[in-house]
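Everything below concerns the one structure shown next.
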Amino acid sequence: MKNDKLLFEVINSMTMNEKRYFKVFCNRHIIGGQNKYVLLFNIFQKIKSFDDKSIIESLKEHNYSLKFISSDMNYLKKMLLKSLNEFHSEKTFDIKIKQQLISIEILFYKGLYQECLELINKAKKIKLFNESNYLMLELLNWEKKCTGYSLGLIKAIEVNSSIESCFNQIKIEKEITDIYYNSYLLKNNLGKTNKEKIIFEFENLLKNNVLLKNNLFNSVRLNVYCQLIYSNYYHVKKDYLSELNYLYKALSFFDFNEDYKFENPLDYISISIRVIDIKKTGSSDEFYSELKKLRDFDNILDLQKEVIQERIFLFTNQAELEHLLYVNQFDDAAIVLENILQAIKTSKYNIEPYYFIKIYYLIASINCVFGNFSNGLKYINKVINVFKFSDRPNVFVRAEFLNIIIHYELKNYDLVLRAIGNVKLKYKAKYEFNYFEIKILEIIYKISENPHIIKEKTEFQNLYDSIKKKFSQDDVDLLKNNYIKYLITKTNNSKR
């Protein structure tokens, strides 16, 4: 029953306004008698979770005939999509232009060429028209046809020549987008590949002529992409001030183009999160200032409202949790953690695995801070057993590392020895552990081999004394900071 699964997902995603509009829309299109499609819609609306059996039982309870249920669901699906199309017909510049294109095509086949040209000129005046060269190309194609039939061959040739300029813009857009995607691939390879090699590849990428020749584009999106390409480069170089500078430049294009900001809130949020990510190891005043700015973000498109609210909540609370751990405000961190756990239980997040891996890792980390290693292990197992290394390599490996620490603290020494061997073998070819991790694994392995003979406190004290020379108190690396805290705890609390 594929159709009912789709219906469940669509209806479950609809806002109250969309549902209200659908019922009005549906009643306009049914004449006489009971509207069985509204009844079917209401039944699906009450279903808490998708299950074929419960759906059939609900239909029978309402005396809904199952004789033509497949056809009814097909029709309901079409009605739903039509009502959503109509409800959102003026929401974005893309949708507005597409609506004009539909009208132009209908008028063209009626032979109303001059009227078509009027609509084409109207479409060209829509804000953010330059953001979609593909739609512009389609519009120019209709303009060429209509001009040829109404104004003659010479005028049609003029329009046709302008199509070449559009093709050039599409070519530039593709090149910039390719560089943009590759910059993220390189950024995400940090830790998996030699840093110097990544920087070398990045610098070759930045030599592309399309970047060097064009300092500013007509498209807001391409200007944002360019700033993010350079921010990714400086992230790889660990020049966080320069990275922050380019992230702010990217955000400035949104601030100067409110319509683009209104229509692309998810992009705005993702850049803001990167700013917050850098600020979380700085002063609390600056961090909370950026956090408040994003939480107060209210230019939300109705079409994406729930998705945006989910992301803002999840991302800002994740960042706040990390900041509080960094500044040792563990009681406040516990409150934020509880908010996250409650939200995960009661909300349906449309969030990629990439982000959930980090959330579960942080939940495990703070449980370990409070000495609740068993609960920490539960969330680490969620990362290791539910997700894949490729979903988020950096954090996935951190989770594997924390898994070993947890088993060590639980005195599961055989598991520790086995896990260290497996991790070294598994990541030998595709991931480089940092100096801190290598040294901590070495000492944990050594103690786990002879836990009742080797003096734990002495070993950890010696390790801490050797490592702290390589660690500056001003180092803003959150991970190193956590490892140092762990070593300090072991030197203070260890009884053996």
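The values are calculated or read from the model by the stated rules, or taken from the named source; none is laboratory data. All of these numbers come straight from a predicted model, not from anything done at the bench. Here the Cβ is made from the backbone with ideal geometry for all residues, glycine too, and neighbour counts use every protein chain on show. For accessibility, only protein heavy atoms count, side chains too; no ligands or nucleic acids. Shrake-Rupley method; radii C 1.70, N 1.55, O 1.52, S 1.80 Å.
None of TYR149, TYR180 is aromatic (Phe, Trp, Tyr), over 26 Å from VAL220 (Cα atoms) and either open to solvent by less than 60 Å² (accessible area, probe 1.4 Å) or at pLDDT below 90 (or both) except TYR149. Is there a residue in region 87-95 that is part of a helix (DSSP H, G or I) and either hydroxyl-bearing (Ser, Thr, Tyr) or open to solvent by 60 Å² or more (accessible area, probe 1.4 Å) (or both)? Checked against the condition, which is being part of a helix (DSSP H, G or I) and either hydroxyl-bearing (Ser, Thr, Tyr) or open to solvent by 60 Å² or more (accessible area, probe 1.4 Å) (or both), region 87-95 yields no hits at all. The listed residues are LYS411, LYS446, and the only one of them that is part of a helix (DSSP H, G or I), surrounded by fewer than 19 Cβ atoms within 10 Å (Cβ to Cβ) and among the charged types (D, E, K, R) turns out to be LYS446. May I ask you to list the residues in region 207-220 that are open to solvent by 50 Å² or more (accessible area, probe 1.4 Å) and either closer than 22 Å to ASP94 by Cα or in a helix (DSSP H, G or I) (or both)? Within region 207-220, ASN209, LEU212, LYS213, ASN218 qualify.
Table: residues versus (1) in contact (Cβ under 8 Å) with a residue 24 or more places away in the chain; (2) under 23 Å from ILE454 (Cα atoms); (3) within 31 Å of the chain's Cα centre (by Cα).
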residue	(1), (2), (3)
GLY376	yes, no, yes
ASN381	no, no, yes
ILE384	no, no, yes
ASP391	yes, no, yes
ASN394	yes, no, yes
ALA399	yes, no, yes
ILE405	yes, yes, yes
LEU410	yes, yes, no
VAL416	yes, yes, no
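Residue-wise test of (1) surrounded by 15 or more Cβ atoms within 10 Å (Cβ to Cβ); (2) out of contact with any strand residue (DSSP E or B) (no Cβ under 9 Å at 6 or more places or on another chain); (3) modelled with pLDDT under 80; (4) in a helix (DSSP H, G or I).
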| residue | (1), (2), (3), (4) |
| --- | --- |
| VAL24 | no, yes, no, yes |
| LEU40 | yes, yes, no, yes |
| ILE55 | yes, yes, yes, yes |
| ASN63 | no, yes, yes, no |
| LEU80 | yes, yes, no, yes |
| ASN85 | no, yes, no, yes |
| ILE97 | yes, yes, no, yes |
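Checked against (1) open to solvent by 30 Å² or more (accessible area, probe 1.4 Å); (2) touching a Ser or Thr at 6+ places or on another chain (Cβ under 9 Å); (3) under 21 Å from PHE315 (Cα atoms), ARG392 meets all criteria but (2).
For the condition in contact with a Leu (Cβ under 6 Å, 6 or more places away or on another chain), of a type outside the set (Gly, Ala, Ser) and assigned to a helix (DSSP H, G or I), VAL307 does not qualify.
So which residues in region 42-53 are open to solvent by 90 Å² or more (accessible area, probe 1.4 Å) and assigned to a helix (DSSP H, G or I)?
LYS46, LYS53, listed by residue number.
Inside region 229-244, residues that are more than 21 Å from PHE297 (Cα to Cα), out of contact with any Ser or Thr (no Cβ under 6 Å at 6 or more places or on another chain) and either open to solvent by 10 Å² or more (accessible area, probe 1.4 Å) or among the polar types (S, T, N, Q) (or both) make up a count of 10.
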